[in-house]
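Read-outs throughout are calculated quantities, based only on the coordinates presented, and are distinct from any laboratory measurement. The model shown is predicted, which means the values in this text are computed figures rather than measured ones. Counting neighbours? That spans all protein chains shown, and the Cβs are built from the backbone with ideal geometry, glycine included.
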Amino acid sequence: MIYTIGYQKLTVERLVRVMDENKIAVLADVRSIPYGRRHEFNRKNLEKILGPRYAWLGDVLGGKFGPAKPQGLDKLTALAAQFPVLVLCMEHNPCDCHRFRDIGVRLLEKGIDAVHIHDNKELRTSELLISCDEGKLL
């Protein structure tokens, strides 16, 4: 199972709770540059907190420098075949983020309907294709 989430309105503690509640084994960080204004979500801090549960895949799935690379999608699906994975990016709203617009849509083309966690709701990529395009998810 592949889940996604944006950390924009989260704390690290809440992120870890979401992982535990959903029995997620790995956090796949897909930010091209895994550093930002909020130190708690910087790569080194997440590595320290999550240890082997953290995987940075921004070099192959980051959206800043173009679409996700095919080998990145393969790596993500291989991880998800073993255990539940949570894809992390910054944007709170999945409609505004490449984790849905690029990664989620391309996974759906492969038959994987990712679950996007947003405001304590779980929305599948197939649902977001309709609601994001109609402007229903804000």
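Details
- The single residue among D59, D96 that is out of contact with any Phe, Trp or Tyr (no Cβ under 6 Å at 6 or more places or on another chain), surrounded by fewer than 16 Cβ atoms within 10 Å (Cβ to Cβ) and without any contact (Cβ under 8 Å) to a residue 60 or more places away in the chain turns out to be D59.
- All conditions in (1) in contact with a strand residue (DSSP E or B) (Cβ under 8 Å, 6 or more places away or on another chain); (2) touching a residue at least 60 places away in the same chain (Cβ under 8 Å) hold for E47, with the sole exception of (2).
- Residue in segment 62-75 that is under 18 Å from L123 (Cβ atoms) and crowded, with 16+ Cβ neighbours inside 10 Å present: no
- Near pairs, Cβ below 8 angstrom, 6+ apart or cross-chain, from segment 23-35 (touching a residue at least 12 places away in the same chain (Cβ under 8 Å) and among the β-branched types (V, I, T)) to any residue that is surrounded by 15 or more Cβ atoms within 10 Å (Cβ to Cβ) and in a loop (DSSP other than H, G, I, E, B): I24/P84; V26/P84; V30/L57; V30/G62; V30/G63; V30/A68; I33/G62
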